[in-house]
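See structure below.
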Amino acid sequence: MIIVKDLIGGNKPEPILIHYNGTLDADSVTLRYAGSFVKLMDIDDVDNGWFFTFGGLATALENTVGILAEEQEITLNYLPNSATAGMSTRLMYPIFPSTVLRAEYARTDAAGTANTDTGASASAAGTTFTAAATGTADYTIGGWIYMVTGAAAGELHYVTDDDGSGAVTTSAWTNAVVAADTFLFIWPSCSNHVRWNATYTGFISEIDSSACVKNIQGIMTHIQSPGIPLQPLDKDLHDGLVISNARFFHDFIFCGATDAASTLVSLAWTRGQAAA
């Protein structure tokens, strides 16, 4: 995940130096990746002192402040109350309500864990893409399905309808899709539905809206592949194409740990830290 720009200042914020330990209650021995979310612990969780930590720790994305600009390695990380050494510092990009971020619907996360989806089917020459579930009807309209493996590998299709169990695409499938085939689902450009990967550096492919969280405001989706420079996804240009090794990105504003009805503190810069 990267920062694209700031809607007020134009240029993205400069990274700042922070005291970071990627585990709450121990000297961290877990690799934390550049591009991952950074948070503060609850304001009254002071058993080991206050510090910045990994955004995926419970409660995930509460008290969010930025994304790491560099990795935290697995050694030489210490809590504020360590008797061994002082805390390590890391560079972090702060994020604000005006910060535009870009995350990838990557095939794997930063740790190499698969992020693709499976369990769908489609018939050659048909336009129905049947998944185990797509959640609330019509939420996927305006999204995209890209096949990673199988007979239909490389096919890219735009979604125009959704009844909660299957999506209808504008263009017909050239080849059949079976349950074992892997695919990426790219949410509609202005959707607020996402599912974060385990490293909190980008998105898992998830076509079921009920398995997603609603804590972004999407702006634009993009495609990039060998021979295709980074550009906005466009139904008139890209629907029905067969593209090898395509990559997909979503630009968005991070809005909070969950939807607007939540009492969780989202961006600590604007709302302060939550209490446990």
Q.
Checking the structure you have, find out if any residue of the stretch 63-74 is touching an Asp or Glu at 6+ places or on another chain (Cβ under 6 Å) and either among the acidic types (D, E) or at pLDDT 95 or above (or both).
A. no
Q: Determine which single condition P226 fails, assuming it passes every other condition in (1) under 13 Å from the mean Cα position of the chain (by Cα); (2) without any contact (Cβ under 8 Å) to a residue 40 or more places away in the chain.
A: (1)
Q: Could you pull out the residue among G154, G150, G164 that is in contact with an Asp or Glu (Cβ under 7 Å, 6 or more places away or on another chain), at positive phi and in contact (Cβ under 8 Å) with a residue 24 or more places away in the chain?
A: G150
(Q) Looking at the structure I just gave you, is G22 farther than 19 Å from L267 by Cβ and either surrounded by 17 or more Cβ atoms within 10 Å (Cβ to Cβ) or at pLDDT below 90 (or both)? (A) yes
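From the list A110, A125, A85, A103, pick out the single residue that is free of Cβ contacts under 8 Å to residues at least 12 places away in the same chain and either in contact with a Phe, Trp or Tyr (Cβ under 9 Å, 6 or more places away or on another chain) or closer than 30 Å to W269 by Cα (or both).
A85
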**Q.** Members of the stretch 213-224 found to be surrounded by fewer than 17 Cβ atoms within 10 Å (Cβ to Cβ), at pLDDT 95 or above and among the polar types (S, T, N, Q), listed by number
**A.** Q224
Q: Would you check which residues across the stretch 134-178 are among the polar types (S, T, N, Q), within 22 Å of P232 (Cβ to Cβ) and part of a loop (DSSP other than H, G, I, E, B) and list them?
A: T140, T170, S171
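The values are calculated or read from the model by the stated rules, or taken from the named source; none is laboratory data. These figures come from a predicted structure and were not determined experimentally. When we count neighbours, we look across all protein chains shown, and the Cβ atoms used for this are built from the backbone with ideal geometry, even at glycine.
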